[in-house]
Amino acid sequence: MLGRTAGGLFWMFRYLERSENTARLLDTGFRIALTGSENSSESEWESIVTTAGGREAFVQKWGDFDQANVTNFLLRDRDNSSSVLSCIEAARSNGRMVRTALSSEVWEAVNEAWMTLKEQLEKPVSVKNLAEVLTSIRQHSSLVRGALHGTMLRNDIYDFSRLGTFIERADNTARILDVKYYVLLPSAAHVGGSMDNMQWETILRSVSAFRSFRWLHEGDVKPKAIADFLILDRRMPRSLAYCLSQITGNLTYLSRGSEEELKSLALANQLDARLNGRDIDDVFEEGLHEFLKEAINQTANLASQIQDDFRFYG
Amino acid sequence: MVERKFFDEMGPDEAQVRAPYAEYANWFEGEDPRSLLKKSAEAETFFRRVGITFNVYGQKEAQERLIPFDIVPRIIAAQEWRQLEKGIEQRVRALNAFLADIYNKQEILRAGRLPEHIIAQNEAFLPQMMGMTPPGGVYTHIVGTDLVRTGENEFYVLEDNARTPSGVSYMLENRETMLRMFPELFTRMKVKPVSSYPAELRRSLSACAPPNFDGDKPSLAVLTPGIHNSAYFEHSFLADQMGAELVEASDLKVIDGRVQMRTTRGYRQLDVVYRRVDDEFLDPLSFNPDSLLGVPGIMDVYRAGNITIANAPGTGIADDKALYSYMPDIVEFYTGEKAILKNVPTWRCSEGDSLKYVLDNLSDLVVKEVHGSGGYGMLVGPAASKKELADFEAKLRSNPDNYVAQPTLALSTVPIMTKKGLAPRHVDLRPYVLVSPGRVHITPGGLTRVALKEGSLVVNSSQGGGTKDTWVLGD
């Protein structure tokens, strides 16, 4: 496969994953705005923008952290490379570039996602229509994912697509946790007031884990258990441990037949080992914030090592 | 009733349907026009979903547009097609012989059949190709000969398109669409298939492997300028259908005297490249030094016999509008036969007498830029306003060398489906020709372009043209 094609697949799926994550963040923000107290909502919107990684750009262009501004910024601002619209356009554009590597189902799914969302996001989305638009975003990314699983050969094309997905997801989960790490610290745990409950719920919702967490923990929401769930639990498809195990798997497939071990695989194994069989108490001891910062940096290093190993660029 | 002065390929009226359309007319009679219009809309949705689009230049945001598709087929009888085939093959063989001559001995110049300046001062002529024979002796691997019809037995060649003719993906997708929408028609009528074109293209290109290639299967790639190019859909479509790599210049590099593709597992040799970038962008070391679309050093590899470039660099000299008027002579010079297909009479405005004639008859003529394409910068005299005529006259006077003029041809019409039923519109035809050593393959049919606006003679997609499926009937 051409290195550029591998890169196109990787980025197509990174952007798709990101569009879904951005939409989920916005969804979470709305829930809080609707249920939370008056004065907390502004800072919640702010932390959502921070998690999406666009704080500076937001302040410069939009100013106040209110619902309308954040919605515009996250959904349809073309200057924000992580807005849903930017992501879908970038995903589709990469998809078009690697079209010969995609099944027609995958291509049509991403093309249709782009056609539909471009239209839905053309004008500002009103509060009344927000739920519908967010559902549409979620459904379209599910369609692409479903087409990928159902129609693509399990060869290196698939591996590069999955790598993009899980690198983005690992980064996203680590960011969400890092922006809120302080509410998970043991020192905060004893408080356990309604504020904390709301914060914990926010974290779980922004990784679509609210129900699965309750299901596993029978409604007993404890910050340590949340951290454990999102960092170390391999049953949870958005946890760091799960993402790393997938990345290691895909890189192992891709390295078959190559003479020396790929640097990216070595790095992924190292990161995987950091999460495998660990106790969450260890992590807290190391320092949650430090641990997450390290995870974010290492994920970025891994991404650029993958790019080098497989010659995405000349 | 208004008398029709154009030849309609379906027939002058409902009572006098021409033979190739007889069965179609029977079928059409039994259809509900409303459901046909609905199918029309379905076809459009399909094209959009699959992304069969072309990009429009000059807009701030890269825009992708659909080429409108009309559901009424253009039908050609077996006998008509055989005649066309002969004419096209003759013309394409002559083009290749001409190119071999012009880049080697230049006998046609020495014989005084072609003025020297027309070659020497032509930008499409590449001195870098002098004395070099491309692999298999083939210059124009892919040709799209533009034809128009004016009567029962009157066909003219409008352009030879010997560089990188586009549109073949529409020929294939149009057929797929028709097969899906009207399967019953294909059981009632014997239509020659076109679907083997990608396989034929692959075979044809593989047969032109470079002289130093010694494996058994040369590696193939389509070289595209990238996703913003207007024909990008076609590039990816052809690569996909041929099972070739779709490469951009940034994927290619000259290493150890070979052109190599950067893959995830290192560099891999490329043997045959079907390039969809223009000559001047091909190799920044040989041509335009600013080109980012090219592969530095590819021309050296080419000269050393280590890669095949299709079409060969420099073929543009053969389809240059300045040369067009000499085509009957060219055909005769190399084949020893009279040209089977007619040339449209052409006045070269660089010649004083011709210029005078053109200026005196501007409102009856079509005037084209010698190096123009896509229907841009062209004057259709009979359709132009007084002001447009005056403006064009000024342009002609200030730079006559830049223009050629032709009579306004009475292009044939074929009906399209409109809300008011069938209505005649002007069409042209671009059959696709593949050339490999000793073989010329012509896909039966081609791309029919149709001017959707009533009365319009401009069929270019950039100017409101659409396409039709083209059926060549079996015997």
Test set (1) facing chain A (nearest Cβ under 9 Å); (2) of a type in the set (A, V, I, L, M, F, W, C); (3) outside any loop (DSSP other than H, G, I, E, B) - B:Ile227 fails condition number: (3)
Condition test on B:Asp428, is it surrounded by fewer than 16 Cβ atoms within 10 Å (Cβ to Cβ), out of contact with any Phe, Trp or Tyr (no Cβ under 9 Å at 6 or more places or on another chain) and not small (Gly, Ala, Ser)? no
Pairs, please: C-beta under 6 Å, at least 6 apart or cross-chain, first residue closer than 16 Å to A:Asp272 by Cα and in the range A:287-302, second acidic (Asp, Glu) and surrounded by 14 or more Cβ atoms within 10 Å (Cβ to Cβ)? A:Leu292/A:Asp178; A:Thr299/A:Asp171
Hand me the list of helices (runs of 4 or more DSSP H) wholly inside the range A:110-221 holding 2 or more residues that are free of Cβ contacts under 8 Å to residues at least 12 places away in the same chain. A:127-151, A:210-217
Just the residues that are within 16 Å of A:Ala6 (Cα to Cα), within 12 Å of chain B (Cβ to nearest Cβ) and of a type outside the set (Ser, Thr, Tyr), please, taken from the range A:91-105. A:Arg92, A:Asn94, A:Gly95, A:Arg96, A:Met97, A:Val98, A:Arg99, A:Ala101, A:Leu102
Taking the conditions exactly as written (farther than 21 Å from A:Tyr182 by Cβ and within 14 Å of another protein chain (Cβ to nearest Cβ)), does A:Phe30 satisfy them or not? no
Within the range A:98-107, can one find any residue that is in a loop (DSSP other than H, G, I, E, B), on the phi < 0 side of the Ramachandran plot, surrounded by fewer than 22 Cβ atoms within 10 Å (Cβ to Cβ) and over 22 Å from the mean Cα position of the chain (by Cα)? yes
Run down A:Arg78, A:Arg55 and say which single residue is free of Cβ contacts under 8 Å to residues at least 24 places away in the same chain, within 29 Å of A:Val106 (Cα to Cα) and of a type outside the set (Val, Ile, Thr). A:Arg78
Right, B:Lys419: among the charged types (D, E, K, R) and under 20 Å from the mean Cα position of the chain (by Cα) or not? no
Got at least one residue in the range A:15-37 being out of contact with any Leu (no Cβ under 6 Å at 6 or more places or on another chain), part of a helix (DSSP H, G or I) and within 30 Å of B:Ala244 (Cβ to Cβ)? yes
Going through the range A:61-81 in order, the residues found to be of a type in the set (D, E, K, R), surrounded by fewer than 17 Cβ atoms within 10 Å (Cβ to Cβ) and not in a helix (DSSP H, G or I) are A:Asp64, A:Asp66, A:Arg78, A:Asp79
State which residue is nearest to the chain's Cα centre (by Cα) when the search covers only the range A:108-130 and only residues that are more than 14 Å from chain B (Cβ to nearest Cβ) and not hydrophobic (A, V, I, L, M, F, W, C). A:Gln120
Please tell me if B:Tyr170 is aromatic (Phe, Trp, Tyr) and within 14 Å of chain A (Cβ to nearest Cβ). no
Over the range B:167-212, the set of residues closer than 16 Å to B:Leu434 by Cβ, part of a helix (DSSP H, G or I) and of a type outside the set (A, V, I, L, M, F, W, C) is B:Ser169, B:Tyr197, B:Pro198, B:Glu200, B:Arg202, B:Arg203, B:Ser204, B:Ser206
I'd like to verify a number: residues in the range A:222-273 that are surrounded by fewer than 20 Cβ atoms within 10 Å (Cβ to Cβ), within 18 Å of A:Gln305 (Cα to Cα) and either within 14 Å of chain B (Cβ to nearest Cβ) or of a type in the set (Lys, Arg) (or both), how many? 8
Looking for something hydroxyl-bearing (Ser, Thr, Tyr), more than 14 Å from every other protein chain (Cβ to nearest Cβ) and farther than 21 Å from A:Gly7 by Cβ - is there at least one such residue anywhere in the range A:63-79? yes
From the list B:Val272, B:Val254, B:Val277, which one is in contact with a Cys (Cβ under 9 Å, 6 or more places away or on another chain) and more than 26 Å from A:Leu254 (Cβ to Cβ)? B:Val272
Condition first: more than 17 Å from B:Leu282 (Cα to Cα) and at the interface with chain A (Cβ under 8 Å from one of its Cβ atoms). Now tell me which residues in the range B:242-268 satisfy that. B:Glu245, B:Arg262, B:Thr263, B:Thr264, B:Arg265, B:Gly266
Just to verify a result, which residue in the range B:355-370, among those that are surrounded by fewer than 18 Cβ atoms within 10 Å (Cβ to Cβ) and modelled with pLDDT of 90 or more, is nearest to B:Tyr156 (Cα to Cα)? B:Asp364
Would you confirm whether or not the range B:202-209 contains a residue that is within 11 Å of chain A (Cβ to nearest Cβ) and in contact (Cβ under 8 Å) with a residue 12 or more places away in the chain? no
Please verify whether B:Val254 is buried (at least 20 other Cβ atoms within 10 Å of the Cβ) and either among the hydrophobic types (A, V, I, L, M, F, W, C) or in contact with an Asp or Glu (Cβ under 7 Å, 6 or more places away or on another chain) (or both), treating the condition exactly as stated. no
Among the candidates B:Asp279, B:Asp271, which residue alone is surrounded by 18 or more Cβ atoms within 10 Å (Cβ to Cβ), in contact with a strand residue (DSSP E or B) (Cβ under 8 Å, 6 or more places away or on another chain), more than 14 Å from every other protein chain (Cβ to nearest Cβ) and not basic (Lys, Arg)? B:Asp271
With criteria (1) loosely packed, with under 15 Cβ neighbours inside 10 Å; (2) touching an Asp or Glu at 6+ places or on another chain (Cβ under 7 Å); (3) not acidic (Asp, Glu), B:Leu126 comes up short on (1)
Residue satisfying condition, being modelled with pLDDT of 90 or more, touching a strand residue (DSSP E or B) at 6+ places or on another chain (Cβ under 7 Å) and not β-branched (Val, Ile, Thr), within set B:Pro400, B:Pro407: B:Pro407
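The values are calculated or read from the model by the stated rules, or taken from the named source; none is laboratory data. Everything numeric here is computed off the predicted structure, so don't read it as measured data. Positions of Cβ are backbone-derived with ideal geometry, glycine not excepted, and every protein chain shown enters the neighbour counts.
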